[in-house]
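Let me begin by presenting the structure, written as C-alpha cells, before commenting on it.
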Amino acid sequence: MREYSKKEMEEKVANMVREFLEIIGEKPDREGLRETPARVARMWVNELISGYFDDPNRYVKKFPVNGKELKHKDIVIVRDIPVRSICEHHLLPFYGYAHIAYIPSVEVLGFSKFARIIEVFAKRLQIQERLTEEVADYLNSLLKPSGLLMVIEAIHTCALVRGVEEPMHMVTMASRGIFETDEALRRETLTVIMGQGMMESGTLRGV
Ligand SMILES: [Zn+2]
C-alpha cells in the first residue's frame, strides 16, 4: 500500500510544506519558519499517521478464561479511553473519548490494550463513524464476545477553528451481538457509559 519508506515520506512531506508556505506568500527561510517543514513532516509521519505503520495485533494479549465458556455473563465496561485522530475531510484533529462495553465469552482483553488498539486505528486519516465501526469490528472478531457496544464522543477542531462558537460534540456508536438485538440492555448500558461521561463532567469544555 505504501510507496515510500518513512524517511522518504518525511522528506517529501517537508518539501510540500515548504512549497505550501511559499504559495501562501510566506518566507520559509525566515527564522520562525526555517525548521517548520521538517518539524511538520516528522509530526505527521511519526505521530499523526503512525497507525499506517502499525498493526493492532501487536498489542493483543488475551486472557483465556480457563479455555472454557465464562459462567457469568456480566458486562465489562472500559470508559474514557482517549481518542485522538485526524479528520480526513480537513486534515485537522478530532479528539475525545471512547467507551467500550462487552460481554466476554471465552476471552477478555488486558485493560490497557484497548487504548493501544484504538490508537492504531485512530492514527490514520479517519472519519469518526468509520473509526467507531473499525474498532468495533476488530474487537468483535478478536474477542468474539456475546455482545459489544462501542461509543466515541469527540470534538472536531475543523468545526471549532472555522468559527463554530460552541465546540461540536459528535457521538457515534456501533453495536454488535446482543447489543444489536436487546434494546433494553443497550439502553441500560448506555446509561452507565454516558451517565458520568465527559458531557457532564465537562472534560472537553476547556477547549
Ligand atoms: Zn473535518
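The values are calculated or read from the model by the stated rules, or taken from the named source; none is laboratory data. Quick caveat: nothing in here was measured; it's all calculated off a predicted structure. Neighbour counts are summed over all protein chains in view; Cβ atoms, including those assigned to glycine, are modelled from backbone coordinates with ideal geometry. Just so you know, the surface numbers come from the protein's heavy atoms only, side chains and all, with ligands and any DNA or RNA stripped out. Shrake-Rupley method; radii C 1.70, N 1.55, O 1.52, S 1.80 Å.
Before moving on, here are some points about what is shown:
- Pairs linking a residue in segment 145-174 that is without any contact (Cβ under 8 Å) to a residue 40 or more places away in the chain to a residue that is away from the ligand (no atom under 14 Å from the Cβ), with Cβ atoms under 6 Å and 6 or more positions apart or on different chains, are VAL171/GLU153.
- Flag for VAL45 being in contact with a Gly (Cβ under 7 Å, 6 or more places away or on another chain), modelled with pLDDT of 95 or more and not acidic (Asp, Glu): no
Yes/no per residue for (1) at pLDDT below 95; (2) within 27 Å of LEU143 (Cβ to Cβ):
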residue: ARG34; (1), (2): no, no
residue: ALA38; (1), (2): no, no
residue: ILE49; (1), (2): no, yes
residue: PRO64; (1), (2): yes, yes
residue: LEU70; (1), (2): yes, yes
residue: VAL83; (1), (2): no, yes
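- Matching residues, segment 112-123, being within 18 Å of TRP44 (Cβ to Cβ) and open to solvent by 50 Å² or more (accessible area, probe 1.4 Å): GLU119
- Only residues that are in contact with a strand residue (DSSP E or B) (Cβ under 7 Å, 6 or more places away or on another chain) and within 14 Å of GLU180 (Cα to Cα) were counted in segment 131-151, giving 10.
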